[in-house]
1. When a/c is below 1.5 the answer is rounded, else prolate if a/b is larger than b/c, else oblate, so apply that to the range 2-323 with a ≥ b ≥ c taken from the square roots of the Cα gyration tensor eigenvalues.
2. Starting from the Cα of Arg112, step 7 Å along the direction of its Cβ; do the same at Arg99; then give the gap between the two resulting points in nm.
3. State, to one decimal in nm, how far the label point of Ser269 lies from the label point of Met1, with both points 7 Å from Cα in the Cβ direction.
4. Give the calculated FRET efficiency between Thr281 and Lys73 to the nearest 0.05, with a Förster radius of 45 Å applied to their Cβ-Cβ distance.
5. Relative contact order of the range 2-323: what whole-number percent is it, with Cα pairs under 8 angstrom and at least 6 residues apart?
6. Non-local amide H neighbours of His57 (under 5 Å, H modeled in plane, Pro and chain starts lacking H): which ones?
7. Can you work out the Karplus-derived ³J(HN,Hα) for every residue in the range 198-204? Use 6.51 cos²θ - 1.76 cosθ + 1.60 with θ = phi - 60°, whole Hz, and x for glycine or proline.
8. With n ≥ 4 as the cut-off for DSSP H runs, can you work out [θ] at 222 nm for the chain, using -39500 (n - 2.57) per run divided by the number of residues, rounded to the nearest 500?
Amino acid sequence: MIQSTNFPLSSYCIKPFGSWDKLAEEIKALGLDGIEGIADPDDLDDTLSPSLVSGWHMTFYPDWLDFWRHDEKALLRKFRSWEEIGQVYRGTQPEDLMRQFRDDLALALRYRPPYMVFHVSDVSLEEGYTYKWFHTDKEVLDGAIDFINILLDGAEPTFDFLVENQWWPGFTFTEPEKTEYLLSGIKYPRVGIMLDTGHLMNANWSIRSQGDGIRYILSMIEKHGELAKRIYGVHFHQSVSGAYCRQAVGAVPADFPREYFPAFGYSYSHIQSIDRHRPWTDPECVRIIDRAEPKYLTHEISTSLKRPQLKAVGDQLRVIAKGYGK
């Protein structure tokens with residue numbers, strides 16, 4: 001099993017460590033194999049050694065389907081002008097979106113990662129507050145299948161392509177028939193699942209503890225039957241946020257900014273309060289690893305600074321060791 005932690009290819013994020021080599025030393029000291037890299041297009045530092053890259057998280061836009069469909073009415077409902085749309089998506093045409101993903105794919109292939117991760121969901125800033133969806137799961141799945149098949153057309157099958165579950169419309173890993181629909185629709189031969197444990201917990205507001213979350217995740221794996229064998233990777237973290245959602249979800253705040261970028265900044269803490277990316281502290285979490293049997297285990301922890309992230313990863317690793325009686 002290849003173990004890694006998430007880390008952006010960013011000058012800002014690597015600066016506290018001094019160099020990629022120093023980060024590699026700390027990663028290895030934890031017993032990890034490397035990082036699951038994600039490119040920061042605005043602050044890219046791609047000078048690291050390929051030996052540090054154990055996986056790749058593809059670029060993503062949380063709200064992308066209307067742009068890909070070039071649905072002008074929907075876009076102008078959410079954005080003030082085509083100028084703002086162009087700023088958000090770095091272009092105004094669907095091919096501009098595809099170009100960015102193709103560039104990201106080309107960059108990833110320089111590092112020869114064993115897997116790549118792709119988000120299959122769609123949510124606007126407004127929907128993140130209201131939970132009143134503009135699109136059905138099937139609409140998002142169909143859009144993602146179309147996009148992925150174009151993106152990977154002609155790609156050599158040198159990596160596993162893993163679809164990641166969210167709690168927004170799209171792929172949630174809560175309904176096996178939709179999981180099967182997504183996997184069977186993608187033509188790439190090495191397609192599997194990146195099961196994100198925190199995201200799956202976010203889908204169930206009745207979860208009140210890590211123990212509840214462990215039981216729910218295991219129940220969803222069991223519900224998927226033979227499809228569970230397609231879980232090639234796990235993003236491992238916990239998110240107990242149902243109480244917050246019951247209090248905060250339902251309506252857009254009265255002082256919500258009209259311009260996109262201020263609105264995005266405004267909503268960031270709200271999303272983090274839902275999707276917490278905290279380390280497991282319940283040793284029973286190893287039951288998830290044992291049941292999923294992933295090839296790739298990514299400790300996807302969020303903290304305010306990058307050095308504390310590695311400390312949090314170390315804390316989670318010790319909890320895992322405790323769960324195995326080590």
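Since every read-out is calculated from the coordinates, none of them should be taken as a lab result. Since we're looking at a predicted model, the values are computed, not measured. We place every Cβ from the backbone using ideal geometry, glycine too, and count neighbours over all the protein chains shown.
1. The shape class here is rounded.
2. The modelled label-to-label distance comes out at 3.1 nm.
3. 3.6
4. It comes to 0.45.
5. Over the range 2-323, the number comes to 17 percent.
6. Gly37, Ile38, Val117
7. Taking θ as phi minus 60°, the curve returns x, 4, 5, 5, 5, 6, 10 Hz for the range 198-204.
8. -13500 deg cm²/dmol
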